[in-house]
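Novice: Handing you this structure, nothing more for now.
The values are calculated or read from the model by the stated rules, or taken from the named source; none is laboratory data. It should be emphasised that the depicted structure is a prediction, and the values quoted were computed from it without experimental measurement. All Cβ positions, glycine included, derive from the backbone under ideal geometry; neighbour counts span all protein chains shown. Just so you know, the surface numbers come from the protein's heavy atoms only, side chains and all, with ligands and any DNA or RNA stripped out. Shrake-Rupley method; radii C 1.70, N 1.55, O 1.52, S 1.80 Å.
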Amino acid sequence: MKWMMGWMHDTLNYFKTDPIVRPYHQDNFSFSMMYYYDENFMLPLSHDEIVHGKSPMIYKMPGDEWQKFANLRLMYTYMWTHPGAKLLFMGDEFGQTSEWNYKSELDWQLLQYDPHRSMKDCVAALNELLRNQRALYENQFTIHGFEWVDLNHRAESVIVFKRKAKDPAEDLLVILNMTPVIRNDWEIYTTGKSYSKEIFNSDSKEYWGTGNVFNPHIRCELTNSNEAGYKVTVNLPPLAASY
């Protein structure tokens, strides 16, 4: 596998920006899928990005403390749902606040604080989903594993794509809300299958999110029986991703 350095730089540059200007950077965000199939790629967030004054991952994120952690959870969730293998450097999984130093151990003492411990729990949950959801790994290196669903809401910075398994019944819908604006009753039009359950929400209280916006019941309506078209209506939490 080849390190997907372009994805790394474009992703970090996108998430470093204030959410208010993210609509102007959406093309950089989505560019990786233009060349993804040229190689078997690994998505790296390596040691080289958290040394020499580049700052740890948590401090690359904009906003206050809550927004920094929300942005980082959102970025990791996007990373775990983007096709390709994952490489997360040690300390990134719990939001280490100092740069990597080979002379010392990681800042494990941070795990006594809720946001850092919850960040670790979020990454653990993403790993569990990666193991158990076939759509996230079966077709990760082929054109059959990914499909953009909605790139047309640039102004709202809401991006939707589908991860596809060999069995279409196991496909996943991934919804990213890149701003701190809550969007209730958001409509998504997709084809192929209906969706009935939210299986992950990065704004969950167990990950130090608000826990106020979620989808206990997915509203999914058949709109075109000939093409298996569906309208999915969901509530979008702030600076968060949901599957």
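Novice: Along the charge dipole of the chain, which of TRP7, PHE94, ASN184 sits closest to the positive end, that is, farthest toward it, with unit charges on the beta carbon of Lys, Arg, Asp and Glu (+1, +1, -1, -1)?
Specialist: ASN184
Novice: Taking only protein heavy atoms and a 1.4 Å probe, what accessible area per residue, in Å², does the chain have with all protein chains in place?
Specialist: Numbers: 11390 Å² over 243 residues.
About 47 Å² of surface per residue is accessible.
Novice: Separate question: Please find the FRET efficiency linking ALA228 to MET90, where r is the Cβ-Cβ separation and R0 is fixed at 41 Å, and quote it to the nearest 0.05. Could you put the intermediate results ahead of the total?
Specialist: Numbers: r = 44 Å, r/R0 = 1.08.
For R0 = 41 Å, the calculated efficiency reads 0.40.
Novice: Given the protein chains as shown and a 1.4 Å probe, how many square angstrom of PHE89 are accessible, to the nearest 10?
Specialist: 40 Å²
Novice: When a/c is below 1.5 the answer is rounded, else prolate if a/b is larger than b/c, else oblate, so apply that to the stretch 173-243 with a ≥ b ≥ c taken from the square roots of the Cα gyration tensor eigenvalues.
Specialist: prolate
Novice: Report, to the nearest whole %, how much of the accessible area of the chain belongs to carbon and sulfur atoms, 1.4 Å probe, protein only.
Specialist: Carbon-and-sulfur percentage of accessible area, whole number: 50.
Novice: Okay, helix-only estimate at 222 nm for the chain: each DSSP H run of n ≥ 4 adds -39500 (n - 2.57), divide by all residues, round to 500 deg cm²/dmol; what do you get? Don't skip to the end; give the middle numbers.
Specialist: Details: 6 runs with 61 residues, N = 243.
Computed mean residue ellipticity for the chain: -7500 deg cm²/dmol.
Novice: Given a 1.4 Å probe and heavy atoms of the protein chains only, how would you sort ARG219, ARG183, ARG131, ARG22, largest accessible area at the top?
Specialist: ARG131, ARG219, ARG183, ARG22
Novice: Another one. Can you tell me how the stretch 39-165 classifies by the Cα gyration tensor, rounded, prolate or oblate, using a/c under 1.5 as the rounded cut?
Specialist: In terms of gyration-tensor shape, prolate.
Novice: Quick one: compute the contact order of the stretch 82-125, relative version, from alpha carbon pairs under 8 angstrom and 6+ residues apart, as a percent.
Specialist: Value for the stretch 82-125: 39 percent.
Novice: If I take R0 = 35 Å and measure r between the Cβ atoms of GLU65 and GLU221 in this structure, what FRET efficiency does the formula 1/(1 + (r/R0)^6) give, to the nearest 0.05?
Specialist: Computed FRET efficiency for GLU65 and GLU221 comes out at 0.35.
Novice: Please get the size of the charge dipole for the chain, origin at its Cα centre, with Cβ charges of +1 on Lys and Arg and -1 on Asp and Glu, quoted in debye to the nearest 20.
Specialist: On the way: 24 positive and 31 negative charges, 32 e Å.
The calculated dipole for the chain is roughly 160 debye.
Novice: Report, in degrees rounded to the nearest 10, the 0 to 90 angle that the Cα long axis of helix 5-16 makes with the longest principal axis of the chain.
Specialist: Taking the Cα atoms of the chain, the angle to 5-16 is about 90 degrees.
Novice: Find me the longest stretch of the chain that has none of the exposed GluC sites (Glu not before Pro), where exposed means in a DSSP loop (not H, G, I, E or B) with at most 11 other Cβ atoms within 10 Å. Before the final figure, lay out the partial values.
Specialist: On the way: sites that count: GLU105, GLU227.
Between the exposed loop sites, the longest stretch runs 106-226.
Novice: Shape call for the stretch 1-106 from the C-alpha gyration tensor, a ≥ b ≥ c root eigenvalues: rounded (a/c under 1.5), prolate (a/b greater than b/c) or oblate?
Specialist: The shape class here is oblate.
Novice: Let me ask something else. Any idea how far the Cα center of the stretch 1-51 sits from the one of the stretch 187-204, in Å?
Specialist: Between the Cα centre of the stretch 1-51 and that of the stretch 187-204, the gap is 24 Å.
Novice: Suppose we keep just the DSSP beta bridges with both residues in the chain; what percent of those would be antiparallel, to 5?
Specialist: Counting DSSP beta bridges with both partners in the chain, the antiparallel share is about 80 percent.
Novice: Less than 11 Å Cβ to Cβ from GLN140, Lys/Arg counted +1 and Asp/Glu -1: what total charge do the surrounding residues give?
Specialist: Working: positive: LYS86, ARG134, ARG163, LYS164; negative: GLU138.
Counting the neighbours of GLN140, the net charge comes to +3.
Novice: Something else: Once R0 is set to 30 Å, what does the formula 1/(1 + (r/R0)^6) return for the Cβ-Cβ distance between ARG134 and VAL181, expressed as a FRET efficiency to the nearest 0.05?
Specialist: 0.35
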